[in-house]
Amino acid sequence: QSRTVTKNRKLLDLTPVEYQILEYFFQNPNTALGRQEILNRVWGEGYFGDVKIVDVNVRRLRMKLEDDPSHPQYLTTVWGFGYKWVQQGE
């Protein structure tokens with residue numbers, strides 16, 4: 001409800017788009033979400049830009065969320081499709 005995200009008790013500085021993407025992943029844990037699906041959900045179906053904008057924002061989220069962004073544990077890639085939020089402990 002506060003639209004804030006913390007890591008190790010520290011508030012993360014997320015853009016509105018980053019927050020919307022993360023919120024969508026949290027609503028769909030352990031579910032592969034396609035780039036186009038994420039694009040439509042966050043930017044709207046009328047968006048005519050490049051789907052790679054999703055990749056750019058996922059990379060930024062990984063930099064803020066992951067301990068080792070080069071080897072993500074939470075925001076993982078589903079090759080040839082999109083991304084998945086891996087809910088730990090499941």
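Before moving on, here are some points about what is shown:
- Dipole magnitude of segment 35-90, debye to nearest 20 (Cβ charges: Lys/Arg +1, Asp/Glu -1, about Cα centre): 140
- For the pair TRP79 and THR6, the difference between a 0.36 nm per residue extended length and the Cα-Cα distance amounts to 23.5 nm.
- Backbone amide hydrogens, once placed in the peptide plane, bring LEU12 within less than 5 Å of VAL5, THR6, LYS7, excluding anything fewer than 5 places away on its chain.
- Sum of -39500 (n - 2.57) over DSSP H runs of 4+, divided by residues of the chain (222 nm, nearest 500): -12000 deg cm²/dmol
- Measuring with a 1.4 angstrom probe and ignoring ligands and nucleic acids, GLU37 comes out at about 80 Å² accessible.
The values are calculated or read from the model by the stated rules, or taken from the named source; none is laboratory data. What you are looking at is a predicted structure, and each value in this text was computed from that prediction instead of being measured. FYI the Cβ positions are ideal-geometry reconstructions off the backbone, even for glycines, and counts take in every protein chain you see. These accessible areas exclude ligands, DNA and RNA; they are computed on the full protein's heavy atoms, side chains included. Shrake-Rupley method; radii C 1.70, N 1.55, O 1.52, S 1.80 Å.
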